[in-house]
Amino acid sequence: MGRLCVLKSWTVPIYLILTLFLSGCESLFFWPSKTLIPSPEFFNFTKQDRLFTAEDGTLIHAWQLPTKEEKKGTIYFLHGNAQNLSYHIANVYWLVEKGWEVVIIDYRGYGQSVGEPDFMSVQKDALAGYQALLNERSDNRPMIVWGQSLGASIAINMVASLPFSERPQGLIIDSSFSSYQKIMQETLGKSWLTWLFQYPLSRLITPAYDPVQAISKIEQVPLLIVHSENDLLISSNHAEILFEKANDPKELWLSQQKGHIKIWNNKIWREKLTCQLTNWPVLQQFQQACLFDQKDLLESSAKEAYSKRIN
């Protein structure tokens, strides 16, 4: 999610506070960048540029990464609130080598997508890409929706709105918050300069798109919720709240990886997810097949952190 409501105490001017009261705070959840970085060259993957048309006619830019081996299915990836797809592709490009096609979109205002983002419009953008992929589908290979950080909120609301016949074969909720008001309140409460405003400002945000309200409407879709207990941006308590409200089949993975959306830097967690995807859509069947030793996962996270400290 990047810079979700990152308010540095020494840079918050009074006009920002006034703007929040006037705008309803939605603007704080979107930090787009128009400049694409050369991630295809850096990570050595092939991509095809796509354009999807949202319900209101807005053109949405996307990358489609074809698999390097026999295609197992499609990952439809909805990224977090900062930068653009060229940054967030780092979290998911590696699945191409595992046989999974990856499609990642930029919401309006991000990268090469036109327009300005808000809560309602980004839902239209996500749905546009998903519906286009469904219309192009020519086989029974699974479609997995993966939402990360802010994108997880968008993914939950999108899947909840779909008719049963169009719902994906799996949903991954990665490092999500449970409520827009709750995460706004928690973020503003971290700074002495904005602490006083945490309650009045958070109340200005509509609860209409809160993931915690939408997730209970999702049925018959295997659900995986992933979060780090050392995520200082969005507490893992949000994941536990969502997990409690979600319907079966569901599973909750809590890692010790430090940082926000950093779990996939760890090779063992990547292998665990690859196993999960291979065994979906029936969660009960892979619970034993994809059982990884918790000690190995903890040791791997610790080694990763130590390596970063000495390099």
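Of everything in segment 234-249, what is of a type outside the set (Asp, Glu) and modelled with pLDDT of 95 or more? Give them in sequence order. Scanning segment 234-249 gives Ile234, Ser235, Ser236, Asn237, His238, Ala239, Ile241, Leu242, Phe243, Lys245, Ala246, Asn247.
Residues considered: Glu70, Glu116, Glu101, Glu97. Of these, the only one that is part of a strand (DSSP E or B) and without any contact (Cβ under 8 Å) to a residue 40 or more places away in the chain is Glu101.
Filter segment 46-66 down to the residues that are part of a loop (DSSP other than H, G, I, E, B), within 21 Å of the chain's Cα centre (by Cα) and under 19 Å from Asn91 (Cβ atoms) and list them by number.
As a first pass, look at segment 46-66 and keep what is part of a loop (DSSP other than H, G, I, E, B): 46-47, 54-58, 66.
Then keep just the ones that are within 21 Å of the chain's Cα centre (by Cα); that gives 47, 54, 66.
Hits for segment 46-66 are Lys47, Pro66.
Across segment 212-230, not a single residue is classified as in contact with a strand residue (DSSP E or B) (Cβ under 7 Å, 6 or more places away or on another chain), assigned to a helix (DSSP H, G or I), within 25 Å of Tyr93 (Cβ to Cβ) and at pLDDT 95 or above.
If the condition is being within 24 Å of Lys71 (Cα to Cα) and either in contact with a Gly (Cβ under 6 Å, 6 or more places away or on another chain) or surrounded by 24 or more Cβ atoms within 10 Å (Cβ to Cβ) (or both), then segment 137-158 contributes Arg141, Pro142, Ile144, Val145, Trp146, Gly147, Gln148, Ala155.
Okay, residues lined up against (1) basic (Lys, Arg); (2) in contact (Cβ under 8 Å) with a residue 24 or more places away in the chain; (3) within 23 Å of Ile263 (Cβ to Cβ):
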{"residue": "Gly129", "(1), (2), (3)": "no, yes, no"}
{"residue": "Ala132", "(1), (2), (3)": "no, yes, no"}
{"residue": "Asp139", "(1), (2), (3)": "no, no, no"}
{"residue": "Ser149", "(1), (2), (3)": "no, yes, yes"}
{"residue": "Ala155", "(1), (2), (3)": "no, yes, yes"}
{"residue": "Met158", "(1), (2), (3)": "no, yes, yes"}
{"residue": "Ser161", "(1), (2), (3)": "no, yes, no"}
{"residue": "Asp174", "(1), (2), (3)": "no, yes, yes"}
{"residue": "Gln185", "(1), (2), (3)": "no, no, no"}
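Residues in segment 232-265 that are in contact with a strand residue (DSSP E or B) (Cβ under 9 Å, 6 or more places away or on another chain) and of a type in the set (D, E, K, R) were compared, and the one that is farthest from Gln220 (Cα to Cα) is Lys258. Annotation: of all residues in segment 143-168 being part of a helix (DSSP H, G or I) and over 18 Å from Val226 (Cα atoms), the one that is nearest to the chain's Cα centre (by Cα) is Met158.
Please verify whether segment 123-134 includes one or more residues that are in a loop (DSSP other than H, G, I, E, B), buried (at least 20 other Cβ atoms within 10 Å of the Cβ) and touching a helix residue (DSSP H, G or I) at 6+ places or on another chain (Cβ under 9 Å). Steps first, answer last, please.
Here is the first cut: in segment 123-134, the ones in a loop (DSSP other than H, G, I, E, B) are none.
There is no residue in segment 123-134 that is in a loop (DSSP other than H, G, I, E, B), buried (at least 20 other Cβ atoms within 10 Å of the Cβ) and touching a helix residue (DSSP H, G or I) at 6+ places or on another chain (Cβ under 9 Å).
Taken residue by residue, segment 26-38 has no member that is of a type in the set (Ser, Thr, Tyr) and buried (at least 17 other Cβ atoms within 10 Å of the Cβ).
All of Ile37, Ile17 fail the test of being more than 22 Å from Ala155 (Cα to Cα) and modelled with pLDDT under 95, apart from Ile17.
The values are calculated or read from the model by the stated rules, or taken from the named source; none is laboratory data. A quick note: this is a predicted structure, and the numbers were derived from the prediction, not measured. Note: ideal-geometry Cβ built from the backbone for every residue, glycine included; neighbour counts use all protein chains shown.
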